[in-house]
Amino acid sequence: MNTNDPKTSYTYKDAGVDIDAGNDLVKAIKPAAASTRRRGCNADLGGFGALFDLKAAGYKDPILVSGTDGVGTKLKIAIEAGKHDTVGIDLVAMCVNDLIVQGAEPLFFLDYFATGRLSVTAGKAIIEGIAEGCRQAGAALIGGETAEMPGMYADGDYDLAGFAVGAVERDRLLTGATIAPGDVVLGLASSGLHSNGFSLVRRLVQDSGLTYQDPCPYDNSINFAQALLTPTRIYVKSCLANLQQGILKGLSHITGGGFVENIPRVLPDHVAVKVEAGSWTLPPIFDWLRTTGNIAPQEMAKTFNCGIGMIAVVAEKDVEKAMALFQEHGEIVSRIGKVIERQANDPATVVIGQAGDWGYEQPWTAVSAGKK
C-alpha cells in the first residue's frame, strides 16, 4: 500500500486488527459459555456488561469475594507446543481456588484474552478450556474481552487474565480465626505443577537439552509438553462439601510461594503449622525438577506445590469425616501435619524432612520467613 498517496483508504484490518475474526470467535464460543449457565445469570455474551442476581442464586446476607490471576509463563509452553485446550482450565482454577479458601462459592467468571493476531481456532480452544474450568467450579462464564494487539504481542503469542466473583453468607466466612494448637492439617493432592514456578521449569528444560516434543523423562507414554501442561486441579466442589458441614477451620491454596508462604496467610498469630514431608510421596515431575536443578529443600518448598495443591485445617475430632468427604469428591487426601503453638518471631510454617524424604539424603527443614 502506498502511504504517500492521499487517496489511499486505510482500514483497521490493514493495521493488523480483524474485527470480523473477533466476531467469528464470539459466535464460536457461545455454546461453551451457555454450557456454564447457573442460577443467577444466563451467561449470554455480547452486551456491554454482565448481570448476576444474588437473590436468584439463593443468598440472603452475602459477602462478595473477588479474585484475579493469570496462567503465567506456562502459556509459553502451550504456545510452543501448539496445545491450547487446557490453559483455560488453569486460568479458572487459579482464581476460584483462591475464592474457596475464604468459604466463597464461585458465582461467575470473566476472562481477558490478548493476542498479537487472533486465531479463531486457538481462541476457541482456549475459551472452551475456560468453560470447562467454569463447569468444574460451578461458575458461569458471564463475559470477557478479546484484544487483538499487533505490535504489543508477536503473531501467535497471547496472554490470559481471569476475574472471578464468589459469595458466602456473612456468618459462614472462613477466616482461620478458630485455628488452634492440636488441629490437624490435611493435604489435597495436586494434579502436577499447576500454574506456578514455570519460569524455573522452562529454564531447567532448556538447560537439560530436552524439547517439549521429546518423550516425558518420567512417562514415555506422553511428550514433555503434555506432562507439563496438565491443568491445575479445581478444589471447589470438594471444599464446598466440607464447608457445608461446618468442619473446616481454614483452607490454603498452595500457589506461588509454596508451603512456606501460603499456609501462614490463614493462620492466627499465636499458632504455627508443622508439615511432615514424608507423609506423602513427591510426584515424579517434582523429583525431576529437584534433581535436574539441584534444588535445595527450602527452594522447593517455597516455589512449588510439591504434590499438595490445597491444605485444610480441621479439629482432630473431624479428621475422619473431612477425609471421607474429600475422598467422596475425588480428592486424594493425606494427613500431612499439625497446628502447634507459636512463640514470637518463630516461623509460621516449618516443613520437616527426614533422610529420604523428597529424595534428599540428609534430614532437612524449610521454614517461612519469621513473623508474618
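The values are calculated or read from the model by the stated rules, or taken from the named source; none is laboratory data. Values in this document were obtained by computation on a predicted structure and should not be read as measured data. A quick note on method: Cβ atoms are made from the backbone with ideal geometry, for glycine too, and the neighbour counts reach across all protein chains shown. Surface accessibility is based on the protein's heavy atoms, side chains included, excluding ligands, DNA and RNA. Shrake-Rupley method; radii C 1.70, N 1.55, O 1.52, S 1.80 Å.
Assorted remarks:
- Computed E for His270/Lys55 - FRET, C-beta separation, R0 41 angstrom, nearest 0.05: 0.55
- Rounded accessible area of His329 (nearest 10 Å², 1.4 Å probe): 80 Å²
- Diffusion coefficient, µm² s⁻¹, Stokes-Einstein with Kirkwood Rh over alpha-carbon pairs of the chain at 10 °C and 1.306 mPa s: 72 µm²/s
- Between the alpha-carbon centres of the stretch 242-302 and the stretch 108-124 there is a gap of 32 Å.
- Cross-link partners of Lys124 among lysines, defined as those whose alpha carbon lies under 27 angstrom from its own and excluding same-chain residues fewer than eight positions apart: Lys13, Lys27, Lys30, Lys74, Lys76, Lys83, Lys237.
- Trp288 sits with roughly 40 Å² accessible to a 1.4 Å probe, with DNA, RNA and ligands left out of the calculation.
- Cα principal axis extents for the stretch 135-187, largest first, Å: 56, 23, 20
- Using a Förster distance of 22 Å, the FRET efficiency for Lys317-Ser279 (Cβ separation, nearest 0.05): 0.65
- Of Thr115, Thr178, the order by accessible heavy-atom surface (1.4 Å probe, DNA, RNA and ligands excluded), from most exposed downward, is Thr178, Thr115.
- Gaussian network model of the chain, springs between alpha carbon atoms under 10 Å - residue of Val205, Val273, Val339 with greatest fluctuation: Val205
- Computed accessible area, Arg39, all protein chains, 1.4 angstrom probe, square angstrom: 150 Å²
- Full extension of the chain between Arg203 and Asn345 gives 47.6 nm of extra length, using 0.36 nm per residue less the Cα-Cα distance.
- Ordering Leu325, Gly162, Pro62 by Cα displacement along the dipole of the chain toward the positive end leaves Pro62 in first place; charges were set at the Cβ atoms of Lys, Arg (+1) and Asp, Glu (-1).
- From the largest down, the stretch 6-101 spans 63, 33, 24 angstrom on the principal axes of its Cα atoms.
- Nearest 10 degrees, 0 to 90: helix 198-208 Cα axis against the chain principal axis: 90 degrees
- Near Asn97, once Lys and Arg are set to +1 and Asp and Glu to -1 for all other residues with Cβ below 11 Å from its Cβ, the sum equals -2.
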